[in-house]
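S.K.: Just dropping this structure here.
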Amino acid sequence: MNPRRLLLLALLLLVPTGLTAEEAPAPQAGTVRQTVEEPGTYREDEYRAPVPATLAGATVVSTAEAHALWESGGAAFIDVLPRPPKPANLPEGTVWNEKPRISIERAIWLPNTGYGKLADTTLAYFRNGLEKATGGDQTKPLLFFCLPDCWMSWNAAKRALDLGYGKVYWYPEGSEGWAAAGYPTVRLQPEPGADQ
């Protein structure tokens with residue numbers, strides 16, 4: 001085996017597994033995307049992986065289409081990127097500096113609501129967040145996003161459909177696609193109740 005192939009193999013073996021959606025690297029621009037079939041239910045593992053091109057019942061939008069919706073105020077933007085937990089074993093007195101969430105301006109951040117299974121309290125938090133975003137009107141459009149190749153937004157958009165929301169958009173390129181296009185971003189804070 002030539003030295004280049006050995007180096008590539010060694011690098012592939014060193015790639016970490018079990019990363020959170022935020023930590024795992026996204027595929028590089030220009031790479032060939034895998035074709036992924038849309039599952040019949042929520043994705044419950046490997047959340048940072050190639051996603052389907054579709055979501056039954058939802059409208060999949062590009063960055064330009066998401067921006068047009070944002071500019072027109074045509075949808076409430078819902079960010080579902082998970083929030084890293086504070087490590088339980090920090091020594092007393094240690095200051096925990098959470099990584100800031102830089103996201104789409106005017107979005108509502110409902111962290112940890114894109115997992116395949118949600119605890120009752122997290123599901124209630126999700127419901128309350130959507131009710132706030134729509135003013136209780138299930139016909140008001142919602143746009144869900146996270147990061148590229150992240151199943152969290154796919155799951156959350158599917159869950160909104162299952163909860164009876166009639167106009168759901170899914171933006172698979174997420175905050176990275178938005179920022180790369182030069183559109184407005186801000187540091188978001190989670191909606192109150194995220195720690196329940």
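S.K.: Considering only segment 40-90, state which residues are under 15 Å from the mean Cα position of the chain (by Cα) and of a type in the set (Lys, Arg).
M.R.: Within segment 40-90, Arg43, Arg48, Arg83 meet the criteria.
S.K.: When you scan segment 89-111, do you find a residue that is aromatic (Phe, Trp, Tyr) and under 20 Å from Pro39 (Cα atoms), even just one?
M.R.: no
S.K.: Can you pull out every residue in segment 160-196 that is of a type in the set (S, T, N, Q) and assigned to a helix (DSSP H, G or I)?
M.R.: Ser175, the sole residue that qualifies.
S.K.: While we're on this one: Could you check segment 125-161 and list, in sequence order, the residues that are closer than 23 Å to Ile102 by Cα, open to solvent by 20 Å² or more (accessible area, probe 1.4 Å) and polar (S, T, N, Q)?
M.R.: Asn128, the sole residue that qualifies.
S.K.: Looking at Glu22, is it surrounded by fewer than 10 Cβ atoms within 10 Å (Cβ to Cβ) and either in a loop (DSSP other than H, G, I, E, B) or modelled with pLDDT of 90 or more (or both)?
M.R.: Here the answer is no, as Glu22 does not meet what is asked.
S.K.: Here are Trp154, Trp170: which of them is at pLDDT 95 or above and within 21 Å of Glu71 (Cα to Cα)?
M.R.: Among Trp154, Trp170, only Trp170 is at pLDDT 95 or above and within 21 Å of Glu71 (Cα to Cα).
S.K.: Which numbered condition trips up Tyr115, out of (1) more than 20 Å from the chain's Cα centre (by Cα); (2) surrounded by 13 or more Cβ atoms within 10 Å (Cβ to Cβ); (3) over 20 Å from Gly166 (Cβ atoms)?
M.R.: (1)
S.K.: Look through segment 181-194, keep the residues that are of a type in the set (A, V, I, L, M, F, W, C) and farther than 12 Å from His67 by Cα, and return whichever of them is surrounded by the fewest Cβ atoms within 10 Å (Cβ to Cβ).
M.R.: The residue in question is Val186.
S.K.: When you scan segment 53-159 for strands (runs of 3 or more DSSP E) that lie fully inside it, which ones turn up with 1 or more residues that are in contact with a strand residue (DSSP E or B) (Cβ under 7 Å, 6 or more places away or on another chain) and β-branched (Val, Ile, Thr)?
M.R.: 76-79, 101-104
S.K.: Hey, can you tell me all the residues within segment 66-102 that are of a type in the set (Asp, Glu) and in contact (Cβ under 8 Å) with a residue 60 or more places away in the chain?
M.R.: Asp79 - this is the single residue of segment 66-102 that is of a type in the set (Asp, Glu) and in contact (Cβ under 8 Å) with a residue 60 or more places away in the chain.
The values are calculated or read from the model by the stated rules, or taken from the named source; none is laboratory data. Just so you know, these numbers come straight off a predicted model, no measurement behind them. Here Cβ is always computed from backbone atoms with ideal geometry, including for glycine, and neighbour counts include all displayed protein chains. What goes into the accessible areas is simple: the full protein's heavy atoms, side chains included, and nothing from ligands, DNA or RNA. Shrake-Rupley method; radii C 1.70, N 1.55, O 1.52, S 1.80 Å.
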